[in-house]
1. How are the C-alpha pair distances of the range 242-287 spread across 5 Å bins, as whole percents from the shortest bin up?
2. What value, in deg cm²/dmol to 500, does the helix sum -39500 (n - 2.57) over DSSP H runs of n ≥ 4 give at 222 nm once divided by the residues of the chain?
3. Taking just the alpha-carbon atoms of the range 130-287, what radius of gyration and Dmax come out, in angstrom?
4. Work out how much length E174 to E70 would gain on full extension: take 0.36 nm times their residue separation and subtract the Cα-Cα distance, in nm to one decimal.
5. In debye to the nearest 20, how big a dipole does the chain give about its Cα centre with +1 on each Lys and Arg Cβ and -1 on each Asp and Glu Cβ?
6. Using θ = phi - 60° and the Karplus relation 6.51 cos²θ - 1.76 cosθ + 1.60, list the HN-Hα couplings for the range 57-67 in order, rounded to whole Hz, with x at every Gly or Pro.
7. Show the residues, 5+ positions off or on another chain, whose built amide H is closer than 5 Å to the amide H of I252.
8. What list of whole percents do you get for P(r) of the range 78-170, with Cα-Cα distances grouped in 5 Å bins up to the one holding the largest distance?
Amino acid sequence: MNNVGYYNGEYGPIEEMRIPMNDRAVYFGDGVYEAVLVKNRVIFSLEEHLDRFWRSFSALRIPFAMSREELRTELYKMVDLLDTDDPLVLYWQASRGTASRTHTFPKEGKANLMITVKPFVMKDMKTFRHRLLTVEDTRFFHCDVKTLNLIPNVMAAQQAEEAGCTEAVFHRGERVTEGAHSNVSILKDGVLKTAPLDHLILPGITRMHLLQLAGQCGIPVLEEPFTLEELKEADEVLVTSSTALCLKAETIDGAPVRMSAPELVEKLQEAYRQKFERETDPALRKS
Ligand code: PDD
């Protein structure tokens, strides 16, 4: 099989899977999700993603019957169905359940779990360069919850693509928040600066890793808001997400990024590459 889909216990090729019209994910986006990389059949940073998945449930008050162990087992079953050591992208989401359309929570029913796994070609951190487009952030104030409601992100990503760019960077007025599907950090005068964890950004797992790695590399970290001007004046701009790890940017709104601290970027990327290789060593697989 080249890819596998799962829905509440049923498996099949993703293109052939069907979900009920009354799944609340369909008409309300009433659910939460995670996306991770897999290599050597090991799910990278699974435990951190499971932690966030359960935090999202509690924010949305979605009762999820499956235990963490049961979900971990299902995810690994999916990975094994593809039977390859090559990189894969594993996605899963849970919606509040299946019920006719009423805004309030259904009285009965249980959460629906959907999982997909497919081959994935990772971008090369050494050579890939983002071209960024800044876009006003008009999202609601719950950006810290990984919900399925991603319309502003979808619109911004499309706007970026149509402008010949690879990612959109949201800002609320002068303050930079995050990317359409990434977190954005800057390097300035040897310091790594990234927006603080509040309701305006997703607490990215990759952002967290980047900060840990910066500490290990002796690069000071500041978790503070930064402005569009700081973004444009940065020595380096870093874009992080689970499916691309840590990539640097070469332009913002068509103007070149300084790219004047390549040695720091290389240090961080190499540290990240080593972490990824170490933690996807097949000997470490837990389930
Ligand atoms: N997106 N901010 C937003 C809005 C995101 O959608 C993502 C990830 C991130 C980075 O988070 P993490 O490092 O945990 O992947 C930040 C995923 C990859 C997606 O939607 O496919």
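Nothing in this text is a laboratory measurement; each read-out follows from the coordinates by a stated rule. Worth saying up front: this structure is predicted, and the values here are computed from it rather than measured. Using ideal geometry, Cβ is built from the backbone for each residue, glycine included, and neighbour counts are taken over all protein chains shown.
1. Result returned by the calculation: 5, 17, 20, 18, 16, 10, 6, 5, 3, 1.
2. About -9000 deg cm²/dmol.
3. When restricted to Cα atoms, the range 130-287 yields Rg and Dmax of 15.3, 48 Å.
4. Working: separation 104, 0.36 × 104 = 37.44 nm, distance 4.43 nm.
Full extension from E174 to E70 adds 33.0 nm.
5. Taking the Cα centre of the chain as origin, the dipole is about 660 debye.
6. Values per residue, Gly and Pro as x: 4, 5, 5, 9, 6, 9, x, 10, 6, 5, 7 Hz.
7. Under 5 Å from the amide H of I252: L132, V257.
8. Using 5 Å bins, I get a P(r) of 3, 10, 12, 13, 17, 18, 14, 9, 4, 1, 0 for the range 78-170.
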